[in-house]
Amino acid sequence: MKVILAKSLLKANSDVAKLNKDRLDGCKVKAINLISSPGTGKTTLLEKVLELYPGKMSVGVIEGDIATIRDAERIATKGVPVVQINTQGICHLDARMIEKALGELPLDQLELVIIENVGNLVCPAAFDLGEHEKIALLSVTEGDDKAAKYPRVFEAATAVIITKADLLPYIDFDLNACLKELLQINPRLKIFVTSAKTGSGLAEFVSWLFDE
């Protein structure tokens, strides 16, 4: 019985996700879903992208957190429209939450919506939001075996951003082993090794994101 209920929940979510995607497509807006563990640097990466490449594309942001509006406040200072979703304990965003958030964004003025999901590598991978692409983030501080331990999100992702690469000389992280394992899980992955502190790899990521 529990399995049937779980399947019913995911089916209902998928139905709303399809409506979200149809709405985005109708407005000619691309949506991406950023997924990672807490503390990987999603918000910082997003801030740097918006700081370094203003005006590259009309962007709106949806911030997902269990509590607080701190991330939305940070992004709002970059001059883009942003909606904060507080899940109040739920470990992921779902399509219904995104449906409501899209109604708060000026979709007719946007080309790209970036959804920053709740920090979690498990639950968000199972819930389609209506996005066009999932992008997974992996920090070098998490360990080079993260992809093997949580493969589902990396299987579903279009790209992976490895963050905090400026710390590589100081920690035990085998970058080559991590890259090899990621591509074994998903040979189609586009992988970017980045540092928000030094700016390394950001230009390549933004070029791919905005010009793809």
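One line per residue, one yes/no per condition, for (1) more than 30 Å from D166 (Cα to Cα); (2) of a type in the set (A, V, I, L, M, F, W, C); (3) touching an Asp or Glu at 6+ places or on another chain (Cβ under 6 Å):
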| position | (1), (2), (3) |
| --- | --- |
| K30 | yes, no, no |
| L34 | no, yes, yes |
| L52 | no, yes, no |
| Q88 | yes, no, no |
| L93 | yes, yes, no |
| I98 | yes, yes, no |
| I114 | no, yes, no |
- Task: Name every residue in the range 26-44 that is buried (at least 24 other Cβ atoms within 10 Å of the Cβ) and either touching a Gly at 6+ places or on another chain (Cβ under 6 Å) or assigned to a helix (DSSP H, G or I) (or both), in order of residue number.
- Result: K42
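Residue by residue, here is whether (1) in a loop (DSSP other than H, G, I, E, B); (2) surrounded by fewer than 22 Cβ atoms within 10 Å (Cβ to Cβ); (3) modelled with pLDDT of 95 or more holds:
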site: E51; (1), (2), (3): no, yes, no
site: G55; (1), (2), (3): yes, yes, no
site: T68; (1), (2), (3): yes, yes, no
site: K78; (1), (2), (3): yes, yes, no
site: H92; (1), (2), (3): yes, yes, no
site: R96; (1), (2), (3): no, yes, yes
site: K100; (1), (2), (3): no, yes, yes
site: E104; (1), (2), (3): yes, yes, yes
site: I115; (1), (2), (3): no, no, yes
- Query: Quick one: how many residues across the range 137-183 are among the β-branched types (V, I, T) and out of contact with any helix residue (DSSP H, G or I) (no Cβ under 8 Å at 6 or more places or on another chain)?
  - Reply: 1
- Query: Which is under 29 Å from T141 (Cβ atoms) and out of contact with any helix residue (DSSP H, G or I) (no Cβ under 9 Å at 6 or more places or on another chain), of E47, E73, E63?
  - Reply: E73
- Task: List every residue pair whose Cβ atoms lie under 6 Å apart, where the two residues are 6 or more positions apart in sequence or sit on different chains, the first residue falls within the range 143-156 and is touching a residue at least 40 places away in the same chain (Cβ under 8 Å), and the second residue, located anywhere, is crowded, with 16+ Cβ neighbours inside 10 Å and among the aliphatic types (A, V, I, L, M).
- Result: K146/L138; V153/I35; V153/L121; V153/A125; V153/A136
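The values are calculated or read from the model by the stated rules, or taken from the named source; none is laboratory data. Keep in mind that what you see is a predicted model, and the values were worked out from it rather than measured. Ideal geometry is used to build each Cβ from the backbone, glycine not excepted, and the neighbour counts take in all protein chains shown.
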